[in-house]
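The values are calculated or read from the model by the stated rules, or taken from the named source; none is laboratory data. Remember, it's a predicted structure, so these values are computed and weren't measured experimentally. FYI the Cβ positions are ideal-geometry reconstructions off the backbone, even for glycines, and counts take in every protein chain you see. The protein model used for the area step is the full one, side chains on, heavy atoms only, and it has no ligands, DNA or RNA in it. Shrake-Rupley method; radii C 1.70, N 1.55, O 1.52, S 1.80 Å.
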Amino acid sequence: MPTVSDALARLSTSKFRSSFHMSRKDRAYLEEKGPDVIRSHAQDFVRQKLAPAEPANDGKQTPMSGHPVFKAMHATACCCRGCLEKWYRVPQHRELTDAEQEAIVKILMAWIERQTRSEGN
Ligand SMILES: [Zn+2]
């Protein structure tokens, strides 16, 4: 896995990945829950939706909205195993390691933090 800043820099070159932004509702949810709760949700989603060797509905397992972490997953190409392989060279059809899951959560939280800081733009 690349460093968080390398990953975000590369993602910013993709029109599709850059098209995701947190809505007012996402920001309100974030504020209400706080970063620790959001991080634990991110850990849960990564474990449930990405970590298995054969995730259920792979390619379609991440909704486009409904939770700020879902948006972060699309914005960072951590939405399915196909995108993880394409963007991060993580092979499909094997379970993600704890280190890979942690690296993904870090990238998701960094994206969310950047979105929070860009509030008002
Ligand atoms: Zn995907």
Worksheet item: If you scan segment 5-39, which residues turn out to be closer than 20 Å to residue 84 by Cβ, of a type in the set (A, V, I, L, M) and open to solvent by less than 40 Å² (accessible area, probe 1.4 Å)?
Response: 7, 8, 11
Worksheet item: Under the condition of being more than 10 Å from the ligand (Cβ to nearest atom) and surrounded by 17 or more Cβ atoms within 10 Å (Cβ to Cβ), which residue from segment 77-96 is nearest to the chain's Cα centre (by Cα)?
Response: 88
Worksheet item: Here is a list of conditions, (1) part of a helix (DSSP H, G or I); (2) under 19 Å from residue 2 (Cα atoms); (3) not small (Gly, Ala, Ser), and residue 38 meets all of them except one; can you say which number that is?
Response: (2)
Discussion item. Scan segment 10-28 and tell me whether some residue there is part of a helix (DSSP H, G or I), aliphatic (A, V, I, L, M) and within 16 Å of residue 115 (Cα to Cα).
Written reply: yes
Fill in: Long-range neighbours under 6 Å by Cβ, at least six apart or interchain, first residue acidic (Asp, Glu) within segment 53-78, second within 11 Å of the ligand (Cβ to nearest atom)
58/80; 58/81
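Just to check your reading of the model, which residue among 56, 103, 99 is surrounded by 12 or more Cβ atoms within 10 Å (Cβ to Cβ) and at pLDDT 95 or above?
Working: 56 fails: surrounded by 12 or more Cβ atoms within 10 Å (Cβ to Cβ); 99 fails: surrounded by 12 or more Cβ atoms within 10 Å (Cβ to Cβ).
It is 103.
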Fill in: Identity of the residue in segment 15-57, within 15 Å of the chain's Cα centre (by Cα) and of a type in the set (Gly, Ala, Ser), that ends up nearest to residue 77 (Cα to Cα)
18
